[in-house]
Amino acid sequence: MKDGNRRGGELALIHGWGIGSACWGAAADALHSALGTDWNVRLVSLPGYGSTADSTADGNAANTANDNADGSTGADASFAAAADALLASLPEGVVLCGWSLGGLLALQAAATAPQRVGGLILVGSTPCFTQRTDWPAAQAPAVLAAFHAALASDAAATRKRFIALLNQGDTQARTLTRALAAAQGDSAEPAPAALARGLDWLRDVDLRERVPHINVPTLLIHGERDALTPPAAGRFLAATLPDAEFESFSDAAHAPFLADPQRFAARIAGFVAALPASRRAKARDGERSCNEAAEATSANPLANDAAALPPKQRVRAAFERAATSYDAAAVVQRQVADLLGAGLPPAGTGRAEEQSAAQAEAQSATQHRPTTASTTASGALRAIDAGCGTGYGGALLRARWPALELVAADFAPAMLAHPTHATGGALRLAADIEALPCADASFDLYWSSLAIQWCDSARVAREAARTLRAGGRLALATLGPDTFAELRAAFAGVDRYRHTLAFAPPQALAGHLRAAGFTDIRIERQTLTLHYRELRELLAAVREIGANGVGAGARRGLMSRSVWQAFTAAYEEQRQPQGLPASYDVILAYASKPAASAA
């Protein structure tokens, strides 16, 4: 019996075997639109996927599993440990949405700690992937054995074959296979040990006996043409779970969210809207008032318009292409990082001085430095460079704190492959900074320089607050509405299209930080101007750093000769003695997460 619903919450999307979190692309975008800003949609990577090294993520799960409370060993134990780690990384009341192997993991998590799970969405999922004498709705053991053998000889070819297989039977099979293969091409290869372990889980795990006791509201979404996990497995779950709904996609195979992302998102939006408030209250306790404050800011027509941002896939592709040429063209990016760093403690500040500053509350509030009230076990500060690019900001941070433990996060893997990251020793993390795959209270310092202008800044602020420890500091740089003012002025008399991003004003950023719970907010603003000899040189410099995405309202075709000539003439009227100007409205923000004692 539902006890009244509540808006807002946390939705975690968990991918399947062999396929990284990039598979959610279109579905995640549709969910953002369907659920609105009250919901945080988070992409969760299985251990060993993305940029998480198998020797750390998978090894920790395996080590934990050896001491599993129920005495289980082998694949069952490592699987239980992975489910425990999943729950530990997410807020209480989270809604788990798992696909295939991700659904099996979500089912295990809900069976282990149903009180921590606000809702369960199982997509193309089954409680037992391999056939048993009393369970025909599954794959033959020989299929798993063949995949194991193929994986050992050629992991990449095995994943490619699996991508084709999972769409087999779908009415859009070829289109979906190409799209999914392209999305996976943008992601790091899963660790071979993670792939092998996943096959072990699919072979050995059987949760059928636990299903009747999983008293969590559940939505089952299944493709009627699914050959990997037959619809009969989904209907078994629907009949056996205490509180379940079943939705069939008649033309889809194993990935209904790929076949029809809009319908998928709409169905989930309806499901979560009806969830009992009590199951999800803890996941967003206190955030409702934050969201309401953010909505008040968004009502301002000058506030950040997330809907006007370009699609993330397009932005990622642009920065992937720009990675090799980025450093040569990123003059402003380096200058802004230097300015942002100037607001941090001077080079050479040691841990003892940091501790003294943390104890002197009034002083620490004005110096905007990270507190060490919650450092790592080694005593070192821990920081994240969110939207790290090629690593210039991370190098600045390590120069100030040589012992710093740094996580470099970017959603463009080519940026993470830059040599600066390797020489600096940072942990590289392929992730969307709107939904970081990091546990709560992970960092002492959240640093982000010229990344959030591509993002929903309200979501970024909430993620920064979530991942910072009590007393932690935020240092953030972005661009304001006067950026590329000359370019907009030149186009003003030529056409009515939008030619730059919808840069948010500093008031909007400050409002999002306040709504996320930050205090001691300090905003600085200044203009940097570069000059170029020719207009084509100016535009090429913008393209070379991947910053030519515009989003909604952009021109869809090529300019005519007359439009280009009119634009060129209008820009030439703004020429200065140094050349044609390109201005950057730089906004620097510093803030604190309240200490635990002040909460």
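Summary table below
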read-out: Size of electric dipole in region 431-481: Cβ of Lys, Arg +1 and of Asp, Glu -1, about Cα centre, debye, nearest 20; value: 160
read-out: Rg over Rh, two decimals, region 387-488 (C-alpha only, Kirkwood Rh); value: 0.98
read-out: q = 0.23 Å⁻¹, region 143-253: log10 I(q)/I(0) [Debye, one scatterer per Cα]; value: -1.22
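No value in this document is a laboratory result; all are computed from the given coordinates. These figures come from a predicted structure and were not determined experimentally. As a convention, Cβ positions derive from the backbone with ideal geometry for all residues, glycine included, and neighbour counts pool all protein chains shown.
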